[in-house]
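Only the coordinates and a few stated rules stand behind these numbers; no lab work does. Fair warning: this is a prediction, and the values are worked out from it, not measured in the lab. A quick note on method: Cβ atoms are made from the backbone with ideal geometry, for glycine too, and the neighbour counts reach across all protein chains shown.
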Amino acid sequence: MANWIEFAAIKRAVPLAAVLERYRINGLRRSGQNQLRGRCPLHGGEGRETFHVNTAAQVFHCFSCGAGGSVLDLVAAIEGCGVRAAAEKLSEWRSLLGDLAPPQKPTVTKKTRSVPPLRFRLRGVDVRHPYLASRGIRAATASEFGIGFYAGPGLMSQRLVIPIEDEAGRLVGYGGRSLDGSEPRYRFPAGFGKSRVLFNLHRAAATGQATVIVVEGFFDCLKVYQAGFGSVVALMGSALYEPQRRLLVQRFRQIVLMLDGDAPGRRAAAVVAARLSADCSVRIVPLAANSQPDQLSEQALQEVLERKGGQPETQ
């Protein structure tokens, strides 16, 4: 039986500042009595001040990659593990915890780097909600992906829920999109390992194709899929994390990058292409300024993806 861990007590007892120091995350500057900001240590990125820490509230947030949460979420993101494993690691740091928790017995099981499957599935999801049609998503697509409005209780209540499966097709989480303008626009469960998952990877791999199209968001992926390109995945952001990179290069020989057409998207495409080009061929499909895949018609997507040109493939 697993040892009992008091997550709330750990979050209260372990200062975020101490964790930043332990991981040698330097370069953050003070911007207020309890505020730190600087370059995000999780995805790097272009922004020099996208990563914010509130040492009084014990929370962090990156306005570029979207990562955020408590000290447990920070350790989980850095270590690429789940929240429980992060809590166990913090419990072992006696210098930080004092007498809060007894020493944990060493585990004899091999640590898994994958996101654990959920043990439940949301019921009563309305796959015919009008918002989907307004975004150009057909009812058949929504039904296939299990996407719809959820009116039940819990974290995802009154949001459009998007099931996220791992490379084996196991449900590992939900993304919840706000429809009424409330923040955050997208909500993920605390500790969810978004950096270790590629949305729609199991369907893309099942096509047997050597080429995969990589986009940023859920709706980008859905629109490309509807346009007849089944081998498409979404990063769920503009950053490519190392676990995601490994998932791609292990399964595909050619990568087609179609990130957003704004300046951040174009910069991100160049960074992602450089990280992938050592292991596979990469082609960047440039979009018109400030446009993104989910805004294009199916015909336009077919024309953009099937035509030659743009930036040449790199080997």
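Annotations
- Taking 0.36 nm per residue of separation and subtracting the current Cα-Cα distance, fully stretching the chain between F63 and K89 would add 6.7 nm.
- The Cα atoms of the chain define a convex hull whose projected area, averaged across directions, is 17.6 nm².
- A helix-only calculation puts the chain at -8500 deg cm²/dmol for mean residue ellipticity at 222 nm, using -39500 (n - 2.57) for each DSSP H run of at least four residues, averaged over all residues.
- When only Cα pairs below 8 angstrom with a gap of at least 6 residues are kept, segment 130-191 shows a relative contact order of 21 percent.
- FRET E, pair A139, S277, Förster distance 41 Å, beta-carbon r, rounded to 0.05: 0.55
- Each distinct pair of alpha carbons in segment 139-259 adds a 1/r term; the inverse of their mean, the Kirkwood radius, is 14.7 Å.
- Relative to the current alpha-carbon distance between S297 and E79, full extension at 0.36 nm per residue lengthens the span by 74.5 nm.
- For segment 7-97, the alpha-carbon radius of gyration amounts to 1.01 times the rule-of-thumb value 2.2 N^0.38 Å expected for a compact globular protein.
- Lysine pairs in the chain whose alpha-carbon atoms fall under 30 angstrom of each other, counting only those eight or more residues apart or on distinct chains, come to 14.
- Placed amide H near I213: partners under 5 Å, 5+ positions off or other chain: V232, V233, V256
- Remark on G148: its backbone amide H falls under 5 Å from those of V161, a criterion applied only to residues 5 or more positions apart or on other chains, H modelled at 1.01 Å from N.
- Placing R0 at 22 angstrom, the Cβ-Cβ distance between R24 and A190 gives a FRET efficiency of 0.35 after rounding to 0.05.
- In plain terms, the bigger the Kirkwood radius, the slower the diffusion; for segment 130-191, with that radius from Cα pairs, at 20 °C and 1.002 mPa s, Stokes-Einstein puts D at 174 µm²/s.
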